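Working notes, structure below.
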Amino acid sequence: MLKEVSIATAVAVAALTSSLAIAADEYNVSSGLTAASAPLALHGVDTVAFISTGNRIEGSAKYSAVHDGVAYYFSTQANLDKFSAAPAQYTPQYGGFCTFGVSVGKKFDGDPRWADVRNGKLYVFLSEDIFNAYQRDPDAAIAKAEANWAGIRSVAATEL
């Protein structure tokens with residue numbers, strides 16, 4: 001019984017500790033924690049591979065890094081090394097939330113199935129319809145998202 005309580009306590013402390021590292025909803029992450037005791041970003045897609053090749057390649061827990069309290073998975077050691085050397089270059093814009101959502105002051109899930117790499121930056125979207133609407137005027141959507149992000153970055157998605 002003592003061992004069960006200790007394990008449960010350790011899990012609770014790990015969850016609390018990792019959640020304290022991130023302000024309210026600054027990053028769009030999967031629920032639960034990775035083996036690194038951090039929530040998973042970008043649905044586990046290798047962000048370095050995505051930005052470099054434009055292809056969605058699943059990452060692996062074998063090659064993972066935690067940045068700002070968020071876990072990122074990579075498909076190769078080389079991609080992990082690139083990310084570790086310059087994480088800001090490879091993290092998705094707006095914490096991985098939908099670019100259109102941020103442009104209207106909301107935080108919607110950013111799904112890497114619908115994404116765009118522009119000027120070396122990764123933008124993700126809620127759905128195919130939203131992505132198609134964004135493609136009509138991507139510069140305007142990005143400009144609106146840029147203007148809104150500072151004001152909503154640390155606000156919980158449920159409060160927007």
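Which of the peptides 93-101, 77-85 is most tightly packed, and how do the rest follow, going by the mean number of other Cβ atoms within 10 Å of each residue?
In descending order of packing, they fall as 93-101, 77-85.
Quick one: if you stick a label point 7 Å off each Cα along the C-beta vector at Glu146 and Ser52, how many nm between them?
Label-label distance for Glu146 and Ser52, simple model: 2.7 nm.
Say the dipole of the range 70-160 comes from +1 at the beta carbon of Lys and Arg and -1 at that of Asp and Glu; which of Pro138, Asn79, Leu160 then lies farthest toward its positive end?
It is Asn79.
Per q in 0.16, 0.24 1/Å, what log10 I(q)/I(0) does a Debye calculation on the alpha-carbon atoms of the range 32-71 return?
For the range 32-71, the Cα-only Debye profile gives -0.37, -0.76.
Bear in mind these aren't lab numbers, they're just calculated from the coordinates by the rules spelled out. Owing to the predicted nature of the structure, the values given are computational and were not obtained by experimental measurement. We place every Cβ from the backbone using ideal geometry, glycine too, and count neighbours over all the protein chains shown.
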